[in-house]
Every structure is written in structure tokens, then in C-alpha cells.
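Read the structure below first, then the notes.
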Amino acid sequence: MKINALKKSRELGSERLFLGSENEIPQLSMRDRLGKERVKIFIDSTDIAKLQFFNENGKLVGEFPDDK
């Protein structure tokens, strides 16, 4: 079985926690058991710390500080 098929079937497990940076944005991301991002803590490009919460469909449902 190819590696992508194993990942898709979750036989290798799923990434649940990421601590690092993407595009020079430091972050901590937590995923549910299906691998969907649910919580993200990061510092944006303007050096503002943010905390975001996502529902099971990936929709942003809460954020601190609230940009609205």
C-alpha cells in the first residue's frame, strides 16, 4: 500500500498536534481524532497573538482577540 493511501486510511494515525511555524508564522495547532484543525494559537504577521477555535467543518467559530 502506498504511503498516501496509508495516510488517507489513517492506518499511520493522524497528526493531532503541530508546534512549529508555517510561512514564518509560529503556531500551535490541535486537531480532532479525524485530523481536522480545532484550535490554533499563533502570532500573526503584525506580531499580534491570536487564539482561534474551529467547528467540525473547519469554520472559525471563535477568536481572541476578536477582530470584529
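The values are calculated or read from the model by the stated rules, or taken from the named source; none is laboratory data. Quantities reported herein were computed from a predicted structural model and do not represent experimental measurements. Please note: Cβ atoms are built from the backbone with ideal geometry, for glycine as well, and neighbour counts cover all protein chains shown.
Please find, within region 31-62, the residue that is nearest to Asn4 (Cα to Cα) out of those that are in a strand (DSSP E or B) and aliphatic (A, V, I, L, M). Talk me through it step by step, then tell me what you get.
If we filter region 31-62 for residues that are in a strand (DSSP E or B), which is where we start, we get 31, 37-43, 49-54, 60-62.
Retained after the next criterion (residues that are aliphatic (A, V, I, L, M)): 39, 41, 43, 49, 51, 60-61.
Numbers: Val39: 25, Ile41: 28, Ile43: 31, Ala49: 34, Leu51: 31, Leu60: 28, Val61: 30 Å.
Top of the filtered list is Val39.
What pairs come out if I take residues in region 16-28 that are over 17 Å from Arg38 (Cβ atoms) and pair them with residues that are of a type in the set (Val, Ile, Thr) and at pLDDT 95 or above whose C-beta lies under 8 Å away, six or more apart or interchain?
Close Cβ pairs satisfying both conditions: Ile25/Ile43; Pro26/Ile43.
For region 16-30, what are the residues that are in a loop (DSSP other than H, G, I, E, B) and out of contact with any strand residue (DSSP E or B) (no Cβ under 6 Å at 6 or more places or on another chain)? Please lay out each step first, then the result.
Our first condition is that a residue be in a loop (DSSP other than H, G, I, E, B); within region 16-30, this holds for 16, 23-24.
The answer is Asn23, Glu24.
Run down Gly13, Gly58 and say which single residue is of a type outside the set (S, T, N, Q), at positive phi and within 13 Å of the chain's Cα centre (by Cα). Can you show your working first?
Working: Gly13 fails: within 13 Å of the chain's Cα centre (by Cα).
Checking each option against the conditions leaves just Gly58.
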